[in-house]
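Engineer: Here's a structure for you.
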Amino acid sequence: MRALVVERPAPAAAGASGPLRLVDLPDPEARPGEIVVRVTACGVCRTDLQIAEGDIPARRLPIVPGHQPVGRVEAVGPGVAGWAVGDRAGAGWFGGSCGTCPRCRSGRENLCDTAVFTGWDRDGGFAERIAVRADAALRLPDGFADIDAAPLLCGGVIGYRALRLSGIEPGGRLGLYGFGASALIAIQVARHRGCEVHVATRSEREREHALALGAASVGGYDDRPPAPLDAAVTFAPAGSVVVAALRAVDRGGTVAINAIHLDGIPAFDYDLLWWERSIRSVANFTRHDAEELLALAAAIPIRTTVDRFPLEAGNDALALLAAGAVEGAAVLEIG
């Protein structure tokens with residue numbers, strides 16, 4: 001099968017000089033407890049970029065990145081129940097956990113000490129086929145095409161979890177700091193629940209997009225919203241943005257950080273945290289998060305905006321993502 005691999009992290013660049021190399025690999029086998037999915041589309045995430053460039057240290061090399069693959073089940077391994085050849089399936093960043101530790105038993109499998117992650121510990125979806133642990137595979141409802149489903153499986157699900165952890169209630173006043181692919185989905189969920197959404201981003205194009213999706217106001221990161229926020233979610237991987245969001249939330253408000261990598265949070269006065277404001281990180285997601293978001297996406301319905309790339313143009317997708325030049329979500333069309 002054809003696949004893109006990172007053999008050695010390198011700066012994102014278009015064409016053959018980028019960190020991804022197109023190679024031929026043996027087709028994966030469906031081992032016990034696994035399914036093999038023939039991939040038709042796979043989202044390209046900022047985490048893929050950070051692994052490819054080395055901002056997030058690689059767990060193993062070479063590695064096939066990509067943790068938003070969508071396709072059809074091609075093979076079912078021994079001991080797998082509930083999946084059949086031809087089923088529509090996807091995979092997300094969460095690639096599996098032990099299932100027996102206190103965190104797993106309490107529904108917090110995303111915090112398992114031995115959790116594994118797609119495109120970091122296990123080969124991911126920048127390939128024509130992917131082996132997925134059956135207990136971590138995601139069943140996709142009808143209602144959207146594969147190319148539109150792929151962006152839901154990382155930024156969509158983690159953005160949804162960030163909304164939950166922020167504590168925002170239906171009808172509440174919410175701030176979104178940064179407006180990339182994950183925020184595009186989060187605003188649709190928030191507006192569906194009647195929230196008043198205020199968006200902060202440097203990009204004038206993204207501000208216009210936010211207004212078109214129902215934002216009550218837009219501005220820069222340091223601009224105060226018209227009224228104090230009940231909660232905020234930060235998507236930009238910059239600690240200064242976290243502080244700006246904290247400055248904008250009301251007493252008792254929470255800032256949820258939707259980032260796997262942050263450049264550090266600068267010092268700030270304790271007064272910003274006083275009155276029971278809080279900051280909390282968002283680490284991965286659970287299968288329950290994914291199931292809820294996918295059902296909601298079909299019901300709303302959530303609409304995604306995608307920039308399409310063939311598999312061999314993976315480096316081009318990473319380079320545009322690094323430059324902030326992707327309009328919505330970058331997706332590799334593979335099948």
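Engineer: Name every residue in the stretch 88-111 that is surrounded by 16 or more Cβ atoms within 10 Å (Cβ to Cβ), over 19 Å from the mean Cα position of the chain (by Cα) and of a type outside the set (K, R), in order of residue number.
Structural biologist: Within the stretch 88-111, C101, C104 qualify.
Engineer: Considering only helices (runs of 4 or more DSSP H) fully contained in the stretch 80-182, which possess at least 1 residues that are within 29 Å of A200 (Cβ to Cβ) and of a type in the set (A, V, I, L, M)?
Structural biologist: The qualifying helices (runs of 4 or more DSSP H) are 146-149, 155-166.
Engineer: Can I ask one more? Please verify whether D148 is at pLDDT below 95, surrounded by fewer than 24 Cβ atoms within 10 Å (Cβ to Cβ) and not aliphatic (A, V, I, L, M), treating the condition exactly as stated.
Structural biologist: yes
Engineer: Follow-up question, since we're still on this one. Inside the stretch 34-69, can you point out the residues that are under 14 Å from L311 (Cβ atoms), touching a helix residue (DSSP H, G or I) at 6+ places or on another chain (Cβ under 8 Å) and part of a strand (DSSP E or B)?
Structural biologist: Of everything in the stretch 34-69, those that are under 14 Å from L311 (Cβ atoms), touching a helix residue (DSSP H, G or I) at 6+ places or on another chain (Cβ under 8 Å) and part of a strand (DSSP E or B) turn out to be T40, A41, C42, G43, V44, P69.
Engineer: Being under 10 Å from G119 (Cα atoms) and not β-branched (V, I, T) is the filter here; which residues of the stretch 45-59 pass it?
Structural biologist: The answer is D48, A58, R59.
Engineer: If you don't mind, another one. Being among the small types (G, A, S), within 20 Å of the chain's Cα centre (by Cα), modelled with pLDDT of 95 or more and surrounded by 13 or more Cβ atoms within 10 Å (Cβ to Cβ), is that true of even one residue in the stretch 261-278?
Structural biologist: No, there is no match, as no residue in the stretch 261-278 is among the small types (G, A, S), within 20 Å of the chain's Cα centre (by Cα), modelled with pLDDT of 95 or more and surrounded by 13 or more Cβ atoms within 10 Å (Cβ to Cβ).
Engineer: Return the residues of the stretch 228-241 that are free of Cβ contacts under 8 Å to residues at least 60 places away in the same chain and either under 12 Å from I257 (Cβ atoms) or among the β-branched types (V, I, T) (or both); say none if nothing qualifies.
Structural biologist: T234, A236, A238, G239
The values are calculated or read from the model by the stated rules, or taken from the named source; none is laboratory data. This one's a predicted model, so the numbers in the text were calculated from it and none came from an experiment. Cβ sites come from the backbone with ideal geometry, for glycine too, and all protein chains shown count toward neighbours.
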